[in-house]
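Here, each number is a calculation from the coordinates, and none is a lab measurement. Here the structure is a predicted model, which means the values were calculated and not measured. With ideal geometry, Cβ positions are generated from the backbone for all residues, glycine too; neighbour counts draw on all protein chains shown.
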Amino acid sequence: MSIGIGVVGCAGRMGRMVIQEVLATDGCHLAGGTEAPGGPAGQDLGTLVGAEPAGVVVSEDPADLFANSDAVIDFTVPAATRIFAAAASSSGTCYVVGTTGLSAEDQAAIDAASARAPIVQAPNFSVGVNLLFALTKQVAATLGPDYDIEILEMHHRHKVDAPSGTALELGEAAAAGRQVALDSVARTAREGHTGPRAAGEIGFATLRGGGVIGDHTAIFANEVERLELTHKAGSRGIFAGGAVRAAVWLQGKDPGLYSMADVLGLA
């Protein structure tokens with residue numbers, strides 16, 4: 001049985017990538033796609049990405065998309081994700097969320113929806129990055145408090161949130177390895193006369209420029225050595241591939257909030 005996958009924000013950069021991934025994945029088909037009013041409503045999704053016509057067109061009705069999909073994939077913006085979370089809750093449809101830069105209220109909407117719909121949420125759907133999360137947690141636990149931890153990330157000039165969701169998740173992994181709460185040890189910026197580095201601090205450094213898709217490094221350093229774990233994304237296709245994998249994995253799952261660690265068996 002083929003799995004029908006819907007794509008919200010289907011005309012955006014990631015939306016188009018997801019469409020291409022669905023078209024290339026055996027056992028999956030496009031259930032539809034949506035865009036905001038003023039977008040390419042009525043255009044065939046296959047034609048939208050330069051492929052053969054897929055037989056489904058862009059609409060402006062997310063509620064209808066959720067009702068007629070086995071899973072919906074979302075790489076949009078926080079305000080839209082809150083609307084889509086409500087649609088997932090109403091329909092019980094499997095929902096894959098890759099939106100970052102979420103506020104506490106945005107996250108609360110997703111959490112509430114997970115009581116009625118199976119949801120995979122991740123700041124990064126790359127299989128390699130999710131392995132990096134697991135390794136970072138393990139290294140932080142093994143090396144102990146004598147090593148300073150810094151998280152370095154770089155993205156393209158158009159990215160609007162900082163630190164990236166992936167960088168923050170790396171920080172969460174490191175904090176979990178040390179059995180502390182990230183909020184209590186995070187240092188997201190440094191400027192001016194900062195004084196010496198606080199013991200146990202997890203620092204973040206943010207770089208923006210060019211067309212960098214996403215580079216992330218977890219750095220562990222003491223007085224005599226430094227260990228760096230790095231992942232560099234060469235194509236956004238890796239995020240789309242992970243999201244489709246998550247959509248397939250969700251089929252038959254109970255309502256709840258899952259992670260890519262669950263999808264990959266790393267939890």
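Using a simple charge model, +1 on the beta-carbon of Lys and Arg, -1 on the beta-carbon of Asp and Glu, nothing else, what dipole does the chain show about its Cα centre, in debye to the nearest 20? Before the final figure, lay out each step's value.
Working: 17 positive and 29 negative charges, 60 e Å.
For this selection, approximately 300 debye.
Would you mind calculating the relative contact order of the chain from Cα pairs under 8 angstrom and at least 6 residues apart, reporting the percent as a whole number? Over the chain, the number comes to 20 percent. Only helices enter the 222 nm calculation for the chain: every DSSP H run of n ≥ 4 contributes -39,500 (n - 2.57), and dividing by all residues gives -11000 deg cm²/dmol, rounded to 500. Beta bridges per DSSP, both residues in the stretch 127-232: antiparallel share near 60 percent. Need one number: % antiparallel among DSSP beta bridges in the chain, to the nearest 5. The answer is about 35 percent antiparallel. By the rule of a C-alpha distance below 24 Å, with chain neighbours fewer than 8 residues away ignored, the lysines paired with K137 are K232. Placing R0 at 22 angstrom, the Cβ-Cβ distance between A189 and N222 gives a FRET efficiency of 0.40 after rounding to 0.05. Set Lys and Arg Cβ to +1 and Asp and Glu Cβ to -1, take the dipole of the stretch 127-232 about its Cα centre, and tell me which of L170, I213, V180 lies farthest positive. Going by the Cα projections, it comes out as I213.
How far is it, in nm, from the label point at A79 to the one at D254 when both lie 7 Å from their Cα along the line to the Cβ? Inter-label distance under the simple model: 3.7 nm.
Of the listed values [x] 61, 39, 33; [y] 57, 38, 33; [z] 66, 40, 31, identify the label whose number matches Cα extents along the principal axes in Å calculated from this model. Label of the calculated value: [x].
In debye, nearest 20: dipole of the stretch 30-148 around its Cα centre with unit charges on the Cβ of K, R (+) and D, E (-)? Walk me through the intermediate numbers first.
Numbers: 3 positive and 13 negative charges, 56 e Å.
Charge dipole of the stretch 30-148: 260 debye, to the nearest 20.
Per-residue Cβ neighbour counts within 10 Å put R13, R245, R208 in the sequence R13, R208, R245, beginning with the fewest.
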